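Beneath this line is the structure, given in structure tokens, with notes to follow.
The values are calculated or read from the model by the stated rules, or taken from the named source; none is laboratory data. Model, not experiment: these values are computed from the prediction. Cβ placement follows ideal geometry from the backbone for every residue including glycine, while neighbour counts extend to all protein chains displayed.
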């Protein structure tokens, strides 16, 4: 037998002991059968256990005859009560699968519990009592097999965990009668397992045939209006659901194509809903969704002269179909009205909160030649809005079409990219704001592709995250950055950027630690920079990863602070060394009073938390002076130096030393 055949057989055997999850109809039929048979199973266990325990009361210790059987019987009674309650509940397929798996998992400890109790009881009995134990175990396992027949995996687990110890135990007693009983039980169990496989196969076939019959009946019979409405209605918001939306999209697209009319698709995504849902729970989240859905309905029904169809696509996402030759101005007006209504406060106990929404539109015939492509274009418009124009409406355009094609090209070329050959690093100095001495360099990735030339990190880093290549790219670049940093003076630090995928997986952090340790570069001279977005991606995991990096001696900086969505409470919970103030606030600090106030608040926050502050994007002396006045400790930007290749660092440091020596040299004649 080949290795492949052995693996195939192994997988098949493993599947015998698992609950199949690929057939919802079979799962539901198994669950319904269990509702009738599980009480019988536990009745057999409880009654037989009480009978055996009663026999052994004068023979065995009280803990074996009273306490243990009472605990086992109570557990069986609780499970019986739980199953009886399920008869009047409506369960989803996911709930049914979870409950069947729980049953499958509980079979092992329950079976082992009763078997262990029987074996502990056996030595205290006389000949008749010992025979009763043997009879108890044989009859009980047979009853269990029959009761569990609809869940083959559970029946097999129970058979193996009871029969194998049973047969071995009684066969080793040396008593001919017990050996005969053990062999007989083994043969009967084998026959029952055969019957079990045949019965389970026939049961599955019966369910499949019943499903096939129902499907045929559904094809030949017209659905009632009420059934059709329920099948196409979102039960939470009572808006048309995703199924209805795409049915209407296909129909309206065909009509628009045939009649030459303009049709638009819109996708709405609520900004800020996920944090509210995570913090306050799904009950509050559901009430906000209901309220938001009602607002969208009111705007759409009052918008004319175009007809607007609306639906809930899932989660906090809603869909729009705009027919009646809408213009771009009509779409933007609709988006503005929906956005204004969504931004109104939500008074939902125990909170009073506000949200916004981003909307993506795409219009036929200007864009797309199919209903599916039109929806994808609207979805990309939404993606663009959330990334660049959060809280606004964006209409798919030729520029976005070029962008989406470029995105696909970049993703394709990244998959074949040799990171060691095509990827490069440049280093930008980080300078002490007062002394103007360089304290370290930030490593920045650059990609020169043979076909595309230089590709911006703003394009290839998100692409690498989308297609799952960010971690191997991070590893390759970190190794090169550490090699370069080994040639620097001991006082200089290396700053290196990590993505959410690097810090939100345990194996990601472990691999980074291994790279640092193998490099020989001191961990105490490394600052890993993490964005606010990465922190909020999975705060608990990010917190654990940051603590791990700190434990090995690395510094941790929060990058682009002020542009993300992490709360101050999150920042206080992270063991940070630095906060990097985003360049968007620095650029107009001397012209925009709001930017000045924001940076002043951020530097004060850093002082209070005893965290260093780093200003990015400082390009003029006026900006430098303002940052010094506000108490910012470190500066990074074109005023001191642009990012440079590794080969230029030595000359840069030499020039800096010469400049500083001139500044402190004594005047002539002094």
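Starting from residues that are touching a residue at least 40 places away in the same chain (Cβ under 8 Å) and surrounded by fewer than 17 Cβ atoms within 10 Å (Cβ to Cβ), keep the ones in the stretch 295-308 and report whichever is farthest from residue 252 (Cα to Cα).
Of the residues in the stretch 295-308, the ones touching a residue at least 40 places away in the same chain (Cβ under 8 Å) are 295-299.
Pick out the ones that are also surrounded by fewer than 17 Cβ atoms within 10 Å (Cβ to Cβ) and you get 297-298.
Details: 297: 19, 298: 22 Å.
Filtering first and then ranking leaves 298.
Annotation: of all residues in the stretch 425-456 being in a loop (DSSP other than H, G, I, E, B) and in contact with a strand residue (DSSP E or B) (Cβ under 9 Å, 6 or more places away or on another chain), the one that is nearest to residue 480 (Cα to Cα) is 456.
Among the residues making up the stretch 120-139, a single one is exposed (fewer than 14 other Cβ atoms within 10 Å of the Cβ), in contact (Cβ under 8 Å) with a residue 24 or more places away in the chain and either in contact with a strand residue (DSSP E or B) (Cβ under 7 Å, 6 or more places away or on another chain) or over 15 Å from residue 48 (Cβ atoms) (or both): 126.
Out of the residues in the stretch 457-477 that are touching a strand residue (DSSP E or B) at 6+ places or on another chain (Cβ under 8 Å), farther than 17 Å from residue 428 by Cβ and modelled with pLDDT of 90 or more, which is surrounded by the most Cβ atoms within 10 Å (Cβ to Cβ)? Explain how you work it out, then say what you get.
Taking the stretch 457-477 first, the residues touching a strand residue (DSSP E or B) at 6+ places or on another chain (Cβ under 8 Å) are 457, 460-461, 473-474, 476-477.
Checking which are farther than 17 Å from residue 428 by Cβ leaves us with 460, 473-474, 476.
From the residues that got through so far, the ones that are modelled with pLDDT of 90 or more too are 473-474, 476.
On the way: 473: 21, 474: 24, 476: 17.
The extreme case among them is 474.
Scanning the stretch 603-614 for residues that are without any contact (Cβ under 8 Å) to a residue 60 or more places away in the chain and either outside any helix (DSSP H, G or I) or outside the structural domain of residue 577 (by TED's automatic domain parsing) (or both) returns 610, 611, 612, 613. For the stretch 20-61, a residue qualifies if it is modelled with pLDDT of 80 or more and not in a helix (DSSP H, G or I), and the qualifying residues are 57, 58, 59, 60, 61.
Among residues of the stretch 154-175 being closer than 16 Å to residue 132 by Cα and free of Cβ contacts under 8 Å to residues at least 12 places away in the same chain, the one that is farthest from the chain's Cα centre (by Cα) is 175. Residue 502 falls short on exactly one of the conditions (1) within 30 Å of residue 271 (Cα to Cα); (2) at pLDDT 85 or above, and that condition is (2).
I want to confirm something. Restricting to the stretch 486-505 and keeping residues that are out of contact with any strand residue (DSSP E or B) (no Cβ under 9 Å at 6 or more places or on another chain) and more than 17 Å from residue 465 (Cα to Cα), which single residue is surrounded by the most Cβ atoms within 10 Å (Cβ to Cβ)?
Start the filter on the stretch 486-505 by keeping residues that are out of contact with any strand residue (DSSP E or B) (no Cβ under 9 Å at 6 or more places or on another chain), which leaves 486-487, 489-490, 501, 504-505.
Pick out the ones that are also more than 17 Å from residue 465 (Cα to Cα) and you get 486-487, 489-490.
Numbers: 486: 12, 487: 10, 489: 7, 490: 6.
Filtering the stretch 486-505 for residues that are out of contact with any strand residue (DSSP E or B) (no Cβ under 9 Å at 6 or more places or on another chain) and more than 17 Å from residue 465 (Cα to Cα), the one surrounded by the most Cβ atoms within 10 Å (Cβ to Cβ) comes out as 486.
Across the stretch 83-103, the qualifying residues are those that are within 21 Å of residue 46 (Cβ to Cβ) and surrounded by fewer than 18 Cβ atoms within 10 Å (Cβ to Cβ), and the one among them that is farthest from the chain's Cα centre (by Cα) is 84.
Apart from one condition, residue 418 fits all of (1) more than 30 Å from residue 331 (Cα to Cα); (2) without any contact (Cβ under 8 Å) to a residue 24 or more places away in the chain; (3) surrounded by 14 or more Cβ atoms within 10 Å (Cβ to Cβ); the exception is (3). Kindly provide the set of residues from the stretch 576-594 that are outside any loop (DSSP other than H, G, I, E, B) and farther than 21 Å from residue 609 by Cβ, ordered by number. Selection gives 583, 584, 593, 594.
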